[in-house]
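Here's the structure we're looking at; comments come further down.
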Amino acid sequence: MKLIEPRFKLILFLELVIPVFLGAAKADAQSSSYVGTQQSQWFKSVATDKARYDPLSDVNFVVLFKRQVVGRLYVVYQYLDSAVNRDTILVQNSDSVSWTWQAPDVDGYGYMVELFLESSDTLLDHANIAVDVSSDWTKFPRYGFLSNYPYMSRNSIDSVISNLNRYHINGIQFYDWQYKHNEPLAGTVQNPSPTWHDIANRTNYLSTVEGYINSAHRHGMKAMNYNLLYGAYANAYQDGVNVTWSLFRDPNHQSRTFFQLPSSWASSLYIMDPSNSDWKNYIYAQERRVFLALPFDGWHVDQLGYLGPQWNYNGQTVDLPSTFTSFLSGARTQLNVDLVMNAVGQYGQSQIAQAPVDFLYTEVWDPDSTYADLVKIINDNTAYSNGKLKSVLAAYMDYDFSSGGGFFNTPGVLLTDAVIFAAGGDHLELGEHMLSREYFPYSNLQMSSLLQDDLAHYYDFLVAYENLLRDGEEPSSLSINAKLNSASIVISPSSSLGKIWSLVTAKGNEQIVSLINLTKANSLAWRDTHATQTTPDTLSGLQLSLKVSNKVLKIWTASPDFYDGSPVDLPFTQSGSTVSFILPSLLYWDMIVVQYDTTATSVETSLNGLPESFFLSQNYPNPFNPSTTISYELSAMSFVSLKVYDVLGREVATLVSSRQSAGAHTVIFNAANLPSGVYFYRLTAPGFVKTEKMVLMQ
């Protein structure tokens with residue numbers, strides 16, 4: 001057979017190779033087992049210049065390779081399960097390549113960008129990265145933090161921000177950057193102090209704070225000025241704070257309310273009355289000085305949670321949560337900046353949700369200790385805001401374990417992120433380090449290189465599928481049964497050890513099913529406080545059946561743990577109200593999307609249960625060594641040809657060449673005598689031709 005013409009070869013790569021490149025399986029038992037760039041033979045890193053883009057703006061990509069490359073980079077810009085654009089980038093004996101893509105003109109969409117490296121007619125490698133095209137960062141907030149402000153060079157600052165940019169962090173909380181809580185700006189608006197001591201008596205540098213803000217802006221991130229709404233130093237009277245503005249623990253103003261801090265720190269914090277108009281005017285004026293002197297974008301307002309019964313100076317009881325709405329409304333009017341406020345343990349969240357905040361932020365504490373509690377918090381926040389505001393959870397991992405140092409426990413982190421992301425939330429966890437404690441500079445634990453790579457896939461996934469995970473979906477339900485190797489596995493709508501947990505939502509004509517693998521989990525406690533959560537077994541070839549009330553048009557799946565998060569179409573059969581299909585792999589979290597025919601009023605059953613059309617499925621397993629199964633369906637008795645070709649288009653095997661009856665058929669392909677590489681299999685029948693790709697790894 002002659003070689004494929006160059007033009008057809010390009011079409012082959014763009015239309016067939018690109019939909020799903022199934023790279024080498026990862027076998028590290030201490031981390032997730034998806035195909036990731038950490039296993040890449042060629043890609044060193046893939047980056048974009050910003051965490052968020054305006055519609056029609058330029059998206060700049062940079063790819064670094066591990067060695068010199070001569071070849072082509074095929075790029076597919078994917079919205080959910082459909083390609084919207086493609087590029088071909090020549091790589092001419094270089095270890096890097098860069099290019100620009102103009103973002104689409106639709107606001108508030110996430111994209112998965114798939115990269116396929118080809119050289120000398122061989123597909124070498126695959127990598128993904130996500131792009132968020134959203135003019136408003138609070139539509140899909142992905143919140144990070146900073147907590148250390150020593151003298152730093154611009155390169156050091158940019159290195160920290162570039163790392164956060166790889167996770168698409170689009171807003172940064174500048175924790176404890178300030179001088180005093182009641183006087184956050186040291187010096188004057190016209191001449192801020194170059195250095196100052198913060199509450200922990202650390203030396204903070206103005207140049208570092210400014211450098212971080214400017215670098216964040218260059219990367220499309222917003223910079224949020226952190227401060228309490230009611231904190232004052234013991235000597236705040238010297239700064240114009242009146243003791244009569246304080247909160248008291250008794251009605252006779254004998255005992256001021258304060259928060260005890262270590263004696264080595266600058267001061268304990270005395271708590272002011274947020275409803276006191278004099279205090280509000282004072283702290284608004286102090287914050288105004290901050291925004292005049294520094295280009296912060298908003299105020300991250302903090303609190304301390306429930307403080308017990310409180311009285312003002314006049315002996316009147318003060319219900320703190322009832323003060324939050326008016327305080328925040330005044331801040332918006334006076335400052336006109338972005339606002340977000342911490343609801344410590346959900347304290348006052350329903351009141352905060354009625355204020356002009358841009359998203360809802362919860363610092364999670366006991367008794368909200370389980371995975372189910374995380375979902376409930378996100379659902380409650382959605383209800384409090386009538387579905388208008390997204391949720392960010394500050395949920396600190398490996399809390400007790402962190403006192404001894406070492407590395408974060410990857411399974412615990414990924415399971416918690418899987419639950420938060422699947423429920424439509426975001427996890428505040430990434431800054432100069434990963435968080436394990438509520439005092440953000442605390443950094444005893446490190447992220448392993450594998451966890452860093454795993455989280456890049458998770459945040460890519462959160463961005464690429466934000467329009468299914470965080471964009472107006474409604475709670476739904478779906479009955480799901482599962483078998484693995486003929487043994488039943490329980491899929492439950494509630495979280496339980498030893499089961500798969502299903503979280504189901506609906507949007508338009510689609511149901512979105514998130515499966516969380518708890519079959520090997522040793523605890524339902526999300527914090528994994530002693531770092532003991534175990535790595536789940538990969539469940540390969542799950543046989544799933546759904547009970548539906550309408551005709552299904554399409555089923556596809558994607559997972560941050562599987563094939564770099566690329567979407568994969570799933571062949572299915574529908575008989576009456578039962579839809580059956582095979583899920584290739586479930587490690588921590590899979591998302592399944594079921595698309596329905598909204599024009600049908602009821603389930604339509606094909607005659608005698610036979611398929612209504614021809615269908616060729618993706619082989620399984622894939623990658624494979626040395627055997628794989630190929631399934632297809634025929635709607636009528638037909639002459640069928642099923643052949644296998646190599647990447648150059650040469651026929652290497654004929655699997656079927658005969659007349660076959662209608663129905664489902666399977667063929668085992670044994671490639672023991674073939675070299676590793678990419679192959680294609682093509683089904684030909686009257687009026688039907690379909691080609692799919694598979695990867696042999698000997």
Could you tell me which residue of the stretch 665-684 is nearest to the chain's Cα centre (by Cα), considering only residues that are surrounded by fewer than 15 Cβ atoms within 10 Å (Cβ to Cβ) and among the hydroxyl-bearing types (Ser, Thr, Tyr)? Ser676
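For the stretch 455-515, list the strands (runs of 3 or more DSSP E) that sit wholly inside it and hold at least 2 residues that are out of contact with any Cys (no Cβ under 6 Å at 6 or more places or on another chain), surrounded by fewer than 21 Cβ atoms within 10 Å (Cβ to Cβ) and touching a residue at least 60 places away in the same chain (Cβ under 8 Å); which are they?
479-484
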Taking the stretch 251-284 as the search range and keeping residues that are touching a residue at least 24 places away in the same chain (Cβ under 8 Å), in a helix (DSSP H, G or I) and not basic (Lys, Arg), which one is farthest from Gly171 (Cα to Cα)? Asp278
If the requirement is being touching a strand residue (DSSP E or B) at 6+ places or on another chain (Cβ under 9 Å), within 23 Å of Thr362 (Cα to Cα) and acidic (Asp, Glu), which of these qualifies: Asp176, Asp198? Asp176
Number of the condition not met by Arg288 [criteria: (1) of a type in the set (D, E, K, R); (2) surrounded by 22 or more Cβ atoms within 10 Å (Cβ to Cβ); (3) closer than 30 Å to Ser135 by Cα]: (2)
If we keep only residues of the stretch 208-253 that are touching a strand residue (DSSP E or B) at 6+ places or on another chain (Cβ under 9 Å) and either modelled with pLDDT under 95 or among the aromatic types (Phe, Trp, Tyr) (or both), then the residue farthest from Arg166 (Cα to Cα) is Phe248
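Give Gln511, Gln543 a once-over and let me know the one that is polar (S, T, N, Q), over 30 Å from Arg52 (Cα atoms) and not assigned by TED's automatic domain parsing to the domain that holds Asp81.
Values: Gln511 fails: over 30 Å from Arg52 (Cα atoms).
Just one listed residue meets the conditions, Gln543.
Working carefully through the options Asp417, Asp398, Asp380, find the one that is assigned to a helix (DSSP H, G or I), crowded, with 23+ Cβ neighbours inside 10 Å and not β-branched (Val, Ile, Thr).
On the way: Asp398 fails: assigned to a helix (DSSP H, G or I); Asp380 fails: crowded, with 23+ Cβ neighbours inside 10 Å.
Testing whether each residue is assigned to a helix (DSSP H, G or I), crowded, with 23+ Cβ neighbours inside 10 Å and not β-branched (Val, Ile, Thr) leaves just Asp417.
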Glu432: passes all of (1) under 20 Å from Tyr167 (Cα atoms); (2) part of a helix (DSSP H, G or I) but (2)
Only one of Asp561, Asp528, Asp569 is of a type in the set (D, E, K, R), crowded, with 18+ Cβ neighbours inside 10 Å and touching a Pro at 6+ places or on another chain (Cβ under 9 Å). Can you tell me which? Asp528
Looking only at residues that are of a type in the set (A, V, I, L, M, F, W, C) and over 23 Å from Asp132 (Cα atoms) in the stretch 67-110, which one is surrounded by the most Cβ atoms within 10 Å (Cβ to Cβ)? Val69
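Taking only the stretch 94-115 into account, find how many residues are part of a loop (DSSP other than H, G, I, E, B) and of a type in the set (D, E, K, R).
First, the residues of the stretch 94-115 that are part of a loop (DSSP other than H, G, I, E, B): 103-108.
Imposing the further condition that a residue be of a type in the set (D, E, K, R) reduces the set to 105, 107.
Number satisfying all stated conditions: 2.
Suppose we filter Ser549, Ser523 for residues that are more than 27 Å from Asn409 (Cα to Cα) and either without any contact (Cβ under 8 Å) to a residue 24 or more places away in the chain or among the hydroxyl-bearing types (Ser, Thr, Tyr) (or both); which single one remains? Spell out how you get there, then give the answer.
Numbers: Ser523 fails: more than 27 Å from Asn409 (Cα to Cα).
Step by step, each of Ser549, Ser523 is checked, and only Ser549 is more than 27 Å from Asn409 (Cα to Cα) and either without any contact (Cβ under 8 Å) to a residue 24 or more places away in the chain or among the hydroxyl-bearing types (Ser, Thr, Tyr) (or both).
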With the first residue restricted to the stretch 185-214 and required to be at positive phi, and the second required to be in a strand (DSSP E or B), Cβ contacts under 6 Å at 6 or more apart or on different chains are none
Looking at Phe572 and the list (1) farther than 24 Å from Glu114 by Cβ; (2) free of Cβ contacts under 8 Å to residues at least 24 places away in the same chain; (3) not hydroxyl-bearing (Ser, Thr, Tyr), which single condition is not satisfied? (1)
Can you pull out the strands (runs of 3 or more DSSP E) entirely within the stretch 116-202 that have at least 1 residues that are more than 27 Å from Gly565 (Cβ to Cβ) and modelled with pLDDT of 95 or more? 143-146, 171-174, 195-197
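The values are calculated or read from the model by the stated rules, or taken from the named source; none is laboratory data. Source: prediction; values computed, not measured. Glycine also receives a Cβ, built like all others from the backbone with ideal geometry; neighbour counts cover every protein chain displayed.
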